[in-house]
1. How compact is the chain by the rule of thumb for globular proteins, expressed as Cα Rg over 2.2 N^0.38 Å?
2. Please list, ordered by chain and number, the residues whose modelled amide H lies under 5 Å from the amide H of ILE4; skip anything fewer than 5 residues away on the same chain.
3. Let's test the formula: R0 of 25 Å, r as the Cβ-Cβ distance of PHE85 and ARG113. What FRET efficiency results, to the nearest 0.05?
4. Sum -39500 (n - 2.57) across every DSSP H segment of at least 4 residues in the chain, then divide by the residue count to get the 222 nm mean residue ellipticity, nearest 500.
5. Measure nothing but the geometry: give the 0 to 90° angle between the long axis through the Cα atoms of 34-52 and the longest principal axis through the Cα atoms of the chain, rounded to 10°.
6. Long-range amide H contacts for LEU64: which residues qualify at under 5 Å (H placed 1.01 Å from N, peptide plane, sequence gap of 5 or more or a different chain)?
7. Taking only Cα atoms, what is the 0 to 90° angle, nearest 10, from helix 6-26's long axis to the longest principal axis of the chain?
8. Kindly express, to the nearest 10 degrees and within the range 0 to 90, the angle between helix 66-86's C-alpha long axis and the longest C-alpha principal axis of the chain.
Amino acid sequence: MPIIAPRFHGLLDYAVALTLVTAPIALDFGSISLAAFVIPLVAGLGLAGYSLVTDYSAGVRRLLPWRAHLALDAIAGVFLVTAPFAFAFGGLPRGFLIAVGVADLLVVALSDRMAESTGSDLVGER
């Protein structure tokens, strides 16, 4: 049951990207480990980058198809959930990445895969 339209998904993308980039700096994830600092930073920059080139209303160049964007989001969500275990760090960075990864997967699951990617609706049909 898709309820998140591409336009609203785009707004969420940029908010999450900003959060991923700023949290490791503001919350001093580097004091935990280099991986705890770098992983969210790179993930946020990557999300912003592929969002800018996605074919949806939040995109600037519209080169990446909407469904490919959703696939990248799903891959990123799984990576964010598993990275703290693969790179052996805990504390606040672990909880933060797991929470963002799970939220990312939830947004993908609730996003309208069949929507016109450049549509103006903020919420999809139920």
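None of the figures in this text is laboratory data; all of them are computed from the coordinates on show. Everything numeric in this text was worked out from a predicted model, so none of it was measured. FYI the Cβ positions are ideal-geometry reconstructions off the backbone, even for glycines, and counts take in every protein chain you see.
1. Dividing the Cα radius of gyration by 2.2 N^0.38 Å gives 1.07.
2. Long-range HN contacts for ILE4: SER111, ASP112, GLY124.
3. Numbers: r = 29 Å, r/R0 = 1.16.
For PHE85 and ARG113, the calculated efficiency is 0.30.
4. Details: 4 runs with 81 residues, N = 126.
When only DSSP H runs of four or more count, the value is -22000 deg cm²/dmol.
5. The answer is roughly 10 degrees.
6. Hits under the 5 Å cutoff: THR54, ASP55.
7. 10 degrees
8. 20 degrees
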